Amino acid sequence: MGRQKKTVLKSFDYLRCDDFAAYLEAMARAGWHFREWRAGLVFEKGQPEDAVYRVEVFPEGSEFDTRPAVNTYEFAEYCEAAGWKFLDAKRKFCIFKRVRPDAQPILTPQERLDSIVNASRGQILHPVIPYLFCALIQCLSFTGSGFTNRIFSNTLLFGPILWISFALCALVRCVHFFLWKRQAAKLVEQGGAVAFGRSGNSFSRLNSWYAWLPLGTLVIYGTVCAADGAGWTLTPAALLLIFALVLSYCIARFRPDAQTNQILQLASGFLIPVLVLGLSVCFILAQPQDVQTTADLPLTCEALGMDAGALESSYLDGTSSVFGSALRCRASYEEGYLSCSVYRSDRAWVLDKIWQTEMQRPRNQAGDNVTALWEAETAIYSTSGQYLVRYPEEVLLITVCGPQGEETALTPQQVSVVRAALCESR
């Protein structure tokens, strides 16, 4: 004997009520009859039947309803009097099966349009403001020195690209929804009926893509980060995704009442930001910190012919993205230090932005012009002892200080050493 019950993990949005009903009818013709909602749609084996189902949106239902509420049963009694048997309800969905050939329509075309549009409006409008806010915060993080720190890291570019794609898709989705709603209202006024399914509804055909496009961005950029050796940064996101899936499964499987479901979702809404911050900090701190030696550094005081004593500490960091690459290093000695940063990009606007950011600092506005010394497009020796050098596809920042932080100007021979070690434009 084969299985008598099976659970299908399939979902529909409110604008696809007709597709939902057609799916239940196709399952009934195959001998599988809908019985209830659990973790998915539960079907029971029986004789094939040409059943007629109707899926409606109950305006007084709640998004937190995981099972029929009291007012849902009151609505069901009205529908059963019209020839429809109530099967189950979840959120604002109500599923009916026709039990009399002369069954009357449950709702008029106008009532049906209003109930489905009102239920869908919240799902479509609510994400817009959070997405725009997150996109704005991510964009603001690129202002000032944040631009230089982030533009050359695929990992740090991930957040802005993801949230901007979510925000753009949400805005386009809203515009499309209201244009479709206007067309649907005109059709009903003319005596027609709106099809709530992909076959006859332009918005329903594209609605799922508004969610899949940003998720596609997530997958593509996640792959780029992993290839760039930063795949560990996706671990917090993966853990949060697992948490969300487990929570969703438990709610669907055990079907708590609306109040309990609301508490669970609100609690998870407060918990997720805390988890994001905590997991991100933990994973960043857990990354190994390599101890560099002078052999690992691209430029040292020894290479410049300077005697600064023993090396006390050093730092070397190299990142790259689709916009170029950045190399930063610092070597601290007993009697001074050397610090340098090299930014490379074939996009002029990227280097222009970096140069503009550096030149807005007061210490760099009154610097000496040393363009000829560096054989560059522009070069400034700032009052703080830092060289700012601009080449066609590079920006170089370098500071050399002696004991007690005394600035040290470089000789032409030392400039040649720096260019040979750090610059490709030489």
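Name the single residue, out of those in segment 141-155 being in contact with a Ser or Thr (Cβ under 8 Å, 6 or more places away or on another chain) and in a helix (DSSP H, G or I), that is farthest from ARG344 (Cα to Cα).
Taking segment 141-155 and keeping what is in contact with a Ser or Thr (Cβ under 8 Å, 6 or more places away or on another chain), we get 144-145, 147-148, 150-155.
Keeping just the survivors that are in a helix (DSSP H, G or I) gives 145, 147-148, 150, 154-155.
On the way: SER145: 16, PHE147: 14, THR148: 11, ARG150: 14, ASN154: 15, THR155: 18 Å.
Here the answer is THR155.
With respect to VAL117, determine if the residue is among the aliphatic types (A, V, I, L, M) and not assigned by TED's automatic domain parsing to the domain that holds PHE196. The answer is no for VAL117. Considering segment 67-104, the residues that are in a loop (DSSP other than H, G, I, E, B) and surrounded by 14 or more Cβ atoms within 10 Å (Cβ to Cβ) include one that is nearest to the chain's Cα centre (by Cα), namely ARG91.
Residue count for segment 386-407 under the criterion of being over 35 Å from the mean Cα position of the chain (by Cα) and over 20 Å from PRO362 (Cα atoms): the result is 4.
If you take the residues in segment 299-339 that are among the hydroxyl-bearing types (Ser, Thr, Tyr) and without any contact (Cβ under 8 Å) to a residue 60 or more places away in the chain, which one is nearest to TYR387 (Cα to Cα)?
Going residue by residue through segment 299-339, those that are among the hydroxyl-bearing types (Ser, Thr, Tyr) are 300, 313-315, 319-321, 325, 332-333, 337, 339.
Those left that are additionally without any contact (Cβ under 8 Å) to a residue 60 or more places away in the chain: 300, 313-315, 332-333.
Values: THR300: 16, SER313: 22, SER314: 20, TYR315: 19, SER332: 18, TYR333: 20 Å.
By that ranking, first place goes to THR300.
Checking PHE34 against (1) part of a strand (DSSP E or B); (2) without any contact (Cβ under 8 Å) to a residue 60 or more places away in the chain; (3) surrounded by 16 or more Cβ atoms within 10 Å (Cβ to Cβ), which single condition isn't satisfied? The one condition PHE34 does not meet is (2). Only residues that are touching a Pro at 6+ places or on another chain (Cβ under 9 Å) and polar (S, T, N, Q) were counted across segment 162-190, and they come to 1.
Taking the conditions (1) among the hydrophobic types (A, V, I, L, M, F, W, C); (2) at pLDDT below 85; (3) surrounded by 15 or more Cβ atoms within 10 Å (Cβ to Cβ) in turn, VAL415 satisfies each one other than (2). Looking at this structure, is PHE64 buried (at least 18 other Cβ atoms within 10 Å of the Cβ) and more than 29 Å from TRP180 (Cβ to Cβ)? Criteria not met by PHE64.
Within segment 66-79, does at least one residue satisfy the condition of being aliphatic (A, V, I, L, M), free of Cβ contacts under 8 Å to residues at least 40 places away in the same chain and either under 22 Å from LEU113 (Cα atoms) or touching a helix residue (DSSP H, G or I) at 6+ places or on another chain (Cβ under 8 Å) (or both)?
Yes; the residues of segment 66-79 include at least one that is aliphatic (A, V, I, L, M), free of Cβ contacts under 8 Å to residues at least 40 places away in the same chain and either under 22 Å from LEU113 (Cα atoms) or touching a helix residue (DSSP H, G or I) at 6+ places or on another chain (Cβ under 8 Å) (or both).
Helices (runs of 4 or more DSSP H) fully within segment 325-398 that include at least 1 residues being under 20 Å from ARG419 (Cα atoms), in contact with a strand residue (DSSP E or B) (Cβ under 9 Å, 6 or more places away or on another chain) and of a type in the set (Gly, Ala, Ser): 371-374.
The values are calculated or read from the model by the stated rules, or taken from the named source; none is laboratory data. No experiment lies behind these values; they were computed from the predicted model shown. Using ideal geometry, Cβ is built from the backbone for each residue, glycine included, and neighbour counts are taken over all protein chains shown.
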